1. Filter the stretch 192-229 down to the residues that are of a type in the set (V, I, T) and outside any helix (DSSP H, G or I), then identify the one that is modelled with the lowest pLDDT.
2. Among Y144, Y227, Y162, which is aromatic (F, W, Y) and either farther than 15 Å from R82 by Cα or free of Cβ contacts under 8 Å to residues at least 60 places away in the same chain (or both)?
3. Return the pair list, or none, for Cβ contacts closer than 8 Å from residues in the stretch 264-282 that are at pLDDT 85 or above to residues that are exposed (fewer than 15 other Cβ atoms within 10 Å of the Cβ), at least 6 apart or on different chains.
4. Could you please let me know if M185 is within 19 Å of D224 (Cβ to Cβ) and at pLDDT 95 or above?
5. Please determine, by comparing only the residues of the stretch 7-26 that are in contact with a helix residue (DSSP H, G or I) (Cβ under 8 Å, 6 or more places away or on another chain) and open to solvent by 60 Å² or more (accessible area, probe 1.4 Å), which one is modelled with the highest pLDDT.
6. State all residues of the stretch 351-375 that are exposed (fewer than 15 other Cβ atoms within 10 Å of the Cβ), out of contact with any Lys or Arg (no Cβ under 8 Å at 6 or more places or on another chain) and free of Cβ contacts under 8 Å to residues at least 40 places away in the same chain; if no residue qualifies, say none.
7. What number goes with the only condition from (1) exposed (fewer than 13 other Cβ atoms within 10 Å of the Cβ); (2) at pLDDT below 95; (3) not charged (D, E, K, R) that G173 does not pass?
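The values are calculated or read from the model by the stated rules, or taken from the named source; none is laboratory data. Computed from a prediction, not measured in an experiment: that's the story for all the values here. We place every Cβ from the backbone using ideal geometry, glycine too, and count neighbours over all the protein chains shown. Note: accessible area is taken over every heavy atom of the protein model, side chains too, but ligands, DNA and RNA are not part of it. Shrake-Rupley method; radii C 1.70, N 1.55, O 1.52, S 1.80 Å.
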Amino acid sequence: MLFRPLSVLIEVVEYRQIFRDNNLPAWALQLCRRMVQRANIKPPLNPITADHQYQCLSSARAALHLSIVADADLRYRAGDWRALWDCIRVGINHGKRRREDFTWLLDFIVHHRNTKDHLALGDALQAMSKVGEVEWPESSMQVYYSSICVAMSPDMPTQTRYSGMAALHAVRGKVASDDLTPSMMVNLSLALSSTAALCIDPPMDDEPCHTLPLTEIALSWRRDLCYIQIIFALRQSRKWDEYLTNDGHLERCAGIAASLANENRSGHTRIISQLNAGHLALYLAAVLAGEQHDTAFSTDAAGISTPTDTDKLCWKLIRKAWAYASRQRLDGGVQRVVPTLVQHTLQHMKGGQQDVSRSMEAAVSKVLAVLRSLPSVDVDDDQVNELTELLELGERVESTMKLHVGS
């Protein structure tokens, strides 16, 4: 088998690009599927065919890892955690396939979750994180959720735990809507909480020209964005409220918000970009701005005490969120967040928050105009109208909407 030497070879970016241009990731994943199906690993296993199964699974593991390495972000080494989070945000397109075809990968995951081959389990979950939501029977989904819990357990390597978190991110909508047992909800919540709290070490191959260290939020923002998007999805279901509160998820989101607001801008560190800060703020505002937080904002993500005015911090998140949304195409992800953002903005303005800049007015005007031109978006028209009146944006929104429709 040449898979393992190939996996080493395509660590070199130039070779990885060549293999990707020739569709190697999809080919290797399909080869893995054929090897798993040939192994027939569904219980009960046949001891007579054990050698055959071992050989097939060995080839399947090598092919799967080759697929993961070949598809890694070209800016990073294949094993770099930054490549994993970029795959979550951007996604990949292996072609149009029925999602049910990936039941073979669930068989592979179940087989390896009780073994010591954590690399294979992590690779499989990372591959599933790029598939998105799957339409499996309820029994299969329960098995999949339990496998994600196993992958994120404290005795697993960090990379495997992050792969489990990435897989959870891909099915976060189903996790929020499915009828999970209380024990499954507890296990998922605790596993997610402990995985999101892991320390992130600076990248080993960071560019030598960069002599300044990254700030904490600049170092972890990809992982944090994945985590906050999961929390936002779970917040849409009331049954998750107890777990998000009791297991420290809202407090952790508040800590991330504090780190974002108090980022060291002294010039002695590299800070997060405005675009990435806005992306974080969009989901943080949706999760936190409607809550009563007492002292939750007084501790940042690293556990450092940094007393902060809660209302000012929430309003800062809201302003950053509108600025970010106005610069983006309102895709499905942003569309799901903006209605909540409208609600929280109204709440803070009625509470006496009057710090509305012209740039914020322009951003809100642009987003609301686009929102009104999208009939598929589930937004409260009364709240949109009320916000428009409070900001005195009526004519501006109408003219912006005409320009948007005309284009």
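1. T211
2. Selected residue: Y144, the only one of Y144, Y227, Y162 that is aromatic (F, W, Y) and either farther than 15 Å from R82 by Cα or free of Cβ contacts under 8 Å to residues at least 60 places away in the same chain (or both).
3. L275/R327; G278/R327
4. When the stated conditions are applied, M185 does not pass them.
5. The selected residue is R20.
6. Answer for the stretch 351-375, where residues must be exposed (fewer than 15 other Cβ atoms within 10 Å of the Cβ), out of contact with any Lys or Arg (no Cβ under 8 Å at 6 or more places or on another chain) and free of Cβ contacts under 8 Å to residues at least 40 places away in the same chain: G352, Q354, R358, S359, S373, P375.
7. So G173 meets the others, but not (1).
One line per residue, one yes/no per condition, for (1) aromatic (F, W, Y); (2) under 30 Å from W221 (Cβ atoms); (3) at pLDDT below 85:
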site: I41; (1), (2), (3): no, no, yes
site: A60; (1), (2), (3): no, no, no
site: G91; (1), (2), (3): no, yes, yes
site: N114; (1), (2), (3): no, no, yes
site: L119; (1), (2), (3): no, yes, no
